[in-house]
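Only the coordinates and a few stated rules stand behind these numbers; no lab work does. Only a predicted model underlies this, so the values are computations on that prediction, with no experimental measurement involved. Cβ: placed from backbone, ideal geometry, glycine included. Neighbour counts: every protein chain shown.
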Amino acid sequence: MRVLVLALSILGLLVGANTAKAGPSTTDRDVSASVDQTATADEASQEVATQETEDRIGLDKRKRRDVQRRLTRLGFDTKANGKFDASTRAVIARWQAARGYPRSGYLNTLQHQALVAESVSTANASGVSERSRHRAHRRGGRGGGGPVGAIGGVVGGVVGGIFGRR
């Protein structure tokens, strides 16, 4: 019984560690400024992207490959070769149409940021990053870990230490 209480206490401390930081904000907000910024961002994301707007993003070959990989992860398959050829432009246009952007096949800054954010949130929603899966595959396991695995490891270590098992 003591072991269970000890394990649950440790678990409560680990889970509640970030809760202490939570609470009401004491920062003043300028609501009108945030509304104006939102309206500006919406207008900019709806502007028809062109080669010029895409050039402003500064996509070199590595960053173009990254865009292609992100599109593929989101279900818009394209070759990750770092070249925005006709097939990649068609994929970008399909992504834009699916997200309600004007269909041009070129990205503007806000659309690029939205693509990056969407692919990151999709990766986070899956629960395991590709890098974690790759590491787990190399180890021969299924991977993931994360906070639950870390808590389980701590609790298992404590319980194992109490009973002399390691």
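Principal axis extents of the Cα atoms in the range 52-124, from largest to smallest and rounded to whole angstrom, are 30, 25, 20.
The relative contact order of the range 52-124, computed from alpha carbon pairs under 8 Å that lie at least 6 residues apart in sequence, is 33 percent. Extending 7 Å from the Cα toward the beta-carbon at both Thr50 and Asp77 defines two label points whose distance is 3.5 nm.
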